[in-house]
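**Q** One structure coming up, written as structure tokens, with questions to follow.
The values are calculated or read from the model by the stated rules, or taken from the named source; none is laboratory data. Predicted model, so just to flag it, every value in this text is computed and none were measured. All Cβ positions, glycine included, derive from the backbone under ideal geometry; neighbour counts span all protein chains shown.
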Amino acid sequence: MENSTTKFQTEPYLIKRWEKVGRKSAFVAENLRAWKTWRRQTLITLKKLTGFDTMVQAKLSPVVTDNVTMDGYRRQRIEIQTEPAVIMPLYALVPEGKGPFPAVIAPHGHGSGGKYSVAGRRDIPELVETIANHNYDYGVQFVRAGFIVFCPDSRGFGERREKAAQGDLLAQSCQWLNNMGYPLGQTVTGMWAWDIHRLIDYVETRKDCVPGAIGCAGLSGGGLQTLWASALDERIRCAVVSGYFFGYKESLLERHTHCSCNYVPHLYEHVDMGDIAALIAPRPLLIETGNQDPLNGKSGLGNVLPQMRITTKAYRLLHAKDKLAHDIFEGPHRWNGVKAIPWMRKHLVGQNSSL
């Protein structure tokens, strides 16, 4: 039997198809009226494509199940209901001192054990290496900076792994969730964005959180969650997307073996990543990019900077260019945080704070 060659593969055709049908909802607005129309229509499109608008509201029914005193903060374990009988476990990291505190939602990415790495659970042996390699404990970094931090388990991770992923704390269930969800009109992307928004609903009920001061920051898959949740919900007042900002064609279409959580039916026909980020404007947005991150694609920063240019056009149009920043750091796929935490403090907290 002869080995397959590119002559018989479908990928070249699909790349050409991208060039023919891609970005029907591209950001091209040149005035405020056009921007408002584009934003309204694009939000409708993306909520439909992800299945976000099929999600079902349910009572939060929050339950605090554990409360542990840590060095300089308290760690609460909480369960909330995001859809009927769909339970999200999460940690709340609460600073010492008198609140209320500005809040940061800190979603995780892959290889994290869910909320555990972001919350710095080095007492779990499986997590020691991944926390070190990816600087993964950014939840702890934010709480030490004076924020109350919410570290959720995304669907398919941590305590929310599906049956096929049990037995390995670092495993995820994205493929199986999408296998179940696609035929029902839902996607992992939509599930994650919905759950972050329900977590915001919960944050707004807490008296130890400053009303209206909610940020979101995450690495990799946490960057995916931050990007989408911030684009779809204006209650996120400041965002940091780390290790997840690049052109879809090169990083996900041509490198199509990535986790299925990245893939949304018909997405490429409508937007690229810079268009999604443009929906966040004029709210503060910081992008972190490691210059050696393989997720950037074969062109490296050459596949990242064009997306930044798309997003920058939206911020310029809205006279908010100072609310968009790009932290390009020397290193691989990891959380940097050097500029991210001061950025969150500056834009989420402002001058009226003792932080």
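**Q** Does Leu355 satisfy being more than 20 Å from Gly222 (Cα to Cα), surrounded by fewer than 22 Cβ atoms within 10 Å (Cβ to Cβ) and modelled with pLDDT under 95?
**A** Values: more than 20 Å from Gly222 (Cα to Cα): yes; surrounded by fewer than 22 Cβ atoms within 10 Å (Cβ to Cβ): yes; modelled with pLDDT under 95: yes.
Judged against the criteria, Leu355 is a match.
**Q** Against the condition of a type outside the set (Gly, Ala, Ser), within 18 Å of the chain's Cα centre (by Cα) and closer than 20 Å to Leu43 by Cα, how does Asp153 come out, does it pass? Full working, then the answer.
**A** Numbers: of a type outside the set (Gly, Ala, Ser): yes; within 18 Å of the chain's Cα centre (by Cα): yes; closer than 20 Å to Leu43 by Cα: no.
Answer is no for this residue.
**Q** Note down all Cβ pairs under 7 Å where the first residue falls in region 124-139 and is of a type in the set (Gly, Ala, Ser), the second is surrounded by 12 or more Cβ atoms within 10 Å (Cβ to Cβ), and they're at least six residues apart or on different chains.
**A** Gly139/Leu93; Gly139/Ala106; Gly139/Val118; Gly139/Ala119; Gly139/Gly120; Gly139/Val149; Gly139/Cys151
**Q** A further question follows. Looking for something in a strand (DSSP E or B) and over 19 Å from Asp53 (Cα atoms) - is there at least one such residue anywhere in region 221-238?
**A** The initial filter retains those residues of region 221-238 that are in a strand (DSSP E or B), namely 238.
With the extra rule that they be over 19 Å from Asp53 (Cα atoms), the set shrinks to 238.
Yes, region 221-238 has at least one match.
**Q** So Ala58 ticks every box in (1) of a type in the set (A, V, I, L, M); (2) touching a residue at least 24 places away in the same chain (Cβ under 8 Å); (3) within 20 Å of Gln141 (Cα to Cα); (4) surrounded by fewer than 18 Cβ atoms within 10 Å (Cβ to Cβ) but one. Which box is left unticked?
**A** Of everything listed in (1) of a type in the set (A, V, I, L, M); (2) touching a residue at least 24 places away in the same chain (Cβ under 8 Å); (3) within 20 Å of Gln141 (Cα to Cα); (4) surrounded by fewer than 18 Cβ atoms within 10 Å (Cβ to Cβ), Ala58 misses just condition (3).
**Q** Which residues, taken from region 19-42, are in contact (Cβ under 8 Å) with a residue 40 or more places away in the chain, part of a helix (DSSP H, G or I) and surrounded by 17 or more Cβ atoms within 10 Å (Cβ to Cβ)?
**A** Selection gives Trp35, Arg39, Thr42.
**Q** Please go through (1) touching a strand residue (DSSP E or B) at 6+ places or on another chain (Cβ under 8 Å); (2) within 21 Å of Gly111 (Cα to Cα) for Val210 and return the number of the only condition it doesn't satisfy.
**A** If we test Val210 against (1) touching a strand residue (DSSP E or B) at 6+ places or on another chain (Cβ under 8 Å); (2) within 21 Å of Gly111 (Cα to Cα), just (2) comes out false.
**Q** Is one or more of the residues making up region 68-88 surrounded by 12 or more Cβ atoms within 10 Å (Cβ to Cβ), assigned to a strand (DSSP E or B) and out of contact with any strand residue (DSSP E or B) (no Cβ under 7 Å at 6 or more places or on another chain)?
**A** Within region 68-88, the first condition is being surrounded by 12 or more Cβ atoms within 10 Å (Cβ to Cβ), and the residues that meet it are 70, 72-83, 86-88.
Still in the running and assigned to a strand (DSSP E or B): 73-83, 86-88.
Okay, now just the ones that are also out of contact with any strand residue (DSSP E or B) (no Cβ under 7 Å at 6 or more places or on another chain), so 83, 86.
So far as region 68-88 goes, yes, one or more of its residues are surrounded by 12 or more Cβ atoms within 10 Å (Cβ to Cβ), assigned to a strand (DSSP E or B) and out of contact with any strand residue (DSSP E or B) (no Cβ under 7 Å at 6 or more places or on another chain).
**Q** Of the residues in region 238-252, how many are surrounded by fewer than 21 Cβ atoms within 10 Å (Cβ to Cβ) and in contact with a Leu (Cβ under 8 Å, 6 or more places away or on another chain)? Full working, then the answer.
**A** Restricting attention to region 238-252, the residues satisfying the condition of being surrounded by fewer than 21 Cβ atoms within 10 Å (Cβ to Cβ) are 249-250, 252.
Now drop any that are not in contact with a Leu (Cβ under 8 Å, 6 or more places away or on another chain), which leaves none.
Within region 238-252, residues that are surrounded by fewer than 21 Cβ atoms within 10 Å (Cβ to Cβ) and in contact with a Leu (Cβ under 8 Å, 6 or more places away or on another chain) number 0.
**Q** Confirm whether Val149 is in a strand (DSSP E or B), touching a helix residue (DSSP H, G or I) at 6+ places or on another chain (Cβ under 9 Å) and at pLDDT 95 or above.
**A** Numbers: in a strand (DSSP E or B): yes; touching a helix residue (DSSP H, G or I) at 6+ places or on another chain (Cβ under 9 Å): yes; at pLDDT 95 or above: yes.
It is true that Val149 is in a strand (DSSP E or B), touching a helix residue (DSSP H, G or I) at 6+ places or on another chain (Cβ under 9 Å) and at pLDDT 95 or above.
**Q** Any residue that is within 26 Å of Ala171 (Cα to Cα) and touching a strand residue (DSSP E or B) at 6+ places or on another chain (Cβ under 7 Å) - is there at least one of those in region 311-332? Talk me through it step by step, then tell me what you get.
**A** First, pick out the residues of region 311-332 that are within 26 Å of Ala171 (Cα to Cα): 331-332.
Of the ones still in play, those that are also touching a strand residue (DSSP E or B) at 6+ places or on another chain (Cβ under 7 Å) are 331-332.
Yes - at least one qualifying residue is present in region 311-332.
**Q** Taking the options Asp208, Asp168, name whichever one is surrounded by fewer than 21 Cβ atoms within 10 Å (Cβ to Cβ) and under 24 Å from Gly72 (Cα atoms).
**A** Working: Asp168 fails: under 24 Å from Gly72 (Cα atoms).
Of Asp208, Asp168, the one residue that is surrounded by fewer than 21 Cβ atoms within 10 Å (Cβ to Cβ) and under 24 Å from Gly72 (Cα atoms) is Asp208.
**Q** Let me ask something else about it. When you check Val210 against the structure, is it more than 14 Å from the chain's Cα centre (by Cα), outside any strand (DSSP E or B) and touching a residue at least 60 places away in the same chain (Cβ under 8 Å), yes or no? Don't jump to the end; show me each part of the working.
**A** Values: more than 14 Å from the chain's Cα centre (by Cα): yes; outside any strand (DSSP E or B): no; touching a residue at least 60 places away in the same chain (Cβ under 8 Å): yes.
So Val210 fails the test.
**Q** Considering only region 111-121, state which residues are in a loop (DSSP other than H, G, I, E, B), in contact (Cβ under 8 Å) with a residue 12 or more places away in the chain and of a type outside the set (Ser, Thr, Tyr). Steps first, answer last, please.
**A** Taking region 111-121 first, the residues in a loop (DSSP other than H, G, I, E, B) are 111-114, 119-121.
Narrowing the set further to residues that are in contact (Cβ under 8 Å) with a residue 12 or more places away in the chain leaves 111-114, 119-120.
Correct list: Gly111, Gly113, Gly114, Ala119, Gly120.
**Q** Search region 253-309 for residues being under 18 Å from Leu324 (Cα atoms) and free of Cβ contacts under 8 Å to residues at least 40 places away in the same chain, and hand back the single one that is surrounded by the fewest Cβ atoms within 10 Å (Cβ to Cβ).
**A** Arg309
**Q** Here is a further query. Within region 123-146, how many residues turn out to be closer than 14 Å to Ile105 by Cα, in a helix (DSSP H, G or I) and among the small types (Gly, Ala, Ser)?
**A** The total comes to 1.
**Q** Is it fair to say Ser117 is farther than 19 Å from Asp208 by Cβ and in contact with a Leu (Cβ under 6 Å, 6 or more places away or on another chain)?
**A** Yes; evaluated as a whole, the condition is true for this residue.
**Q** Mind checking which residues of region 89-134 are charged (D, E, K, R), touching a Gly at 6+ places or on another chain (Cβ under 6 Å) and farther than 18 Å from Gly156 by Cα?
**A** Going residue by residue through region 89-134, those that are charged (D, E, K, R) are 96, 98, 115, 121-123, 126, 129.
Now narrow it down to the ones that are touching a Gly at 6+ places or on another chain (Cβ under 6 Å): 96, 115.
Passing the criteria: only Glu96.
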